[in-house]
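The structure under discussion appears below in the form of structure tokens.
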Amino acid sequence: MHDPVHTRVFRTMALTTAFSVVVSAFVAPWRVTTGLLVGGLLALFSHSWLKNSAAAAIHLSAVGGRPQLGLAQFVLRYAVIGAVVFSAYTLDLISLPFVFIGLSSFVVAMFAEALREFYFAIIEREETS
């Protein structure tokens with residue numbers, strides 16, 4: 001199933017990450033740039049993992065199967081993110097505040113999607129997707 005909202009959100013997250021990394025490469029220290037890159041990639045990974053896990057759980061419950069998605073899978077996602085950030089920080093490869101800024105690419109994507117929906121709902125008087 002192809003969901004255009006998730007596709008747009010994922011694409012906006014990727015573009016936000018790419019733009020911030022390119023700009024940072026020219027104006028900031030390299031640890032800031034790697035922090036933005038690691039944070040942005042982890043945000044994309046987390047978004048993709050959560051989307052796929054939720055879709056699998058919904059599909060299983062729709063066909064009458066027992067959902068296999070448990071708390072452990074959600075905790076594992078955060079454990080993987082935490083382990084990557086901890087490792088990169090321990091190796092002094094990243095600036096920790098900029099990892100969090102990179103992880104916030106989801107926020108930028110959601111604001112972009114909200115503005116898009118607002119435009120179509122108010123200006124164009126169309127239904128939202």
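The values are calculated or read from the model by the stated rules, or taken from the named source; none is laboratory data. What you see is a predicted model; the values in this text were computed from it and never measured. Note that we place each Cβ from the backbone using ideal geometry, even for glycine, and neighbour counts take in every protein chain shown. Accessible surface is based on the protein model in full, side chains and every heavy atom, while ligands, DNA and RNA are left aside. Shrake-Rupley method; radii C 1.70, N 1.55, O 1.52, S 1.80 Å.
Applying the criterion of being surrounded by 14 or more Cβ atoms within 10 Å (Cβ to Cβ) and β-branched (Val, Ile, Thr) to the residues of the range 9-27, the residue that is nearest to Leu103 (Cα to Cα) is Thr17.
Residue-wise test of (1) of a type in the set (Ser, Thr, Tyr); (2) outside any helix (DSSP H, G or I); (3) modelled with pLDDT of 90 or more; (4) within 23 Å of the chain's Cα centre (by Cα).
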site: Pro67; (1), (2), (3), (4): no, yes, no, no
site: Ser87; (1), (2), (3), (4): yes, no, yes, yes
site: Ala112; (1), (2), (3), (4): no, no, yes, yes
site: Glu126; (1), (2), (3), (4): no, yes, no, no
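Among the residues of the range 72-96, the ones that are open to solvent by less than 80 Å² (accessible area, probe 1.4 Å) and closer than 24 Å to Leu15 by Cα come to 11 in all. Condition first: in a loop (DSSP other than H, G, I, E, B) and hydrophobic (A, V, I, L, M, F, W, C). Now tell me which residues in the range 22-51 satisfy that. Correct list: Ala28 only. Just a yes or no: is a residue in the range 115-122 open to solvent by less than 80 Å² (accessible area, probe 1.4 Å), over 22 Å from Ala28 (Cα atoms) and under 21 Å from the mean Cα position of the chain (by Cα)? Looking for residues that are open to solvent by less than 80 Å² (accessible area, probe 1.4 Å), over 22 Å from Ala28 (Cα atoms) and under 21 Å from the mean Cα position of the chain (by Cα), one finds at least one in the range 115-122, hence yes.
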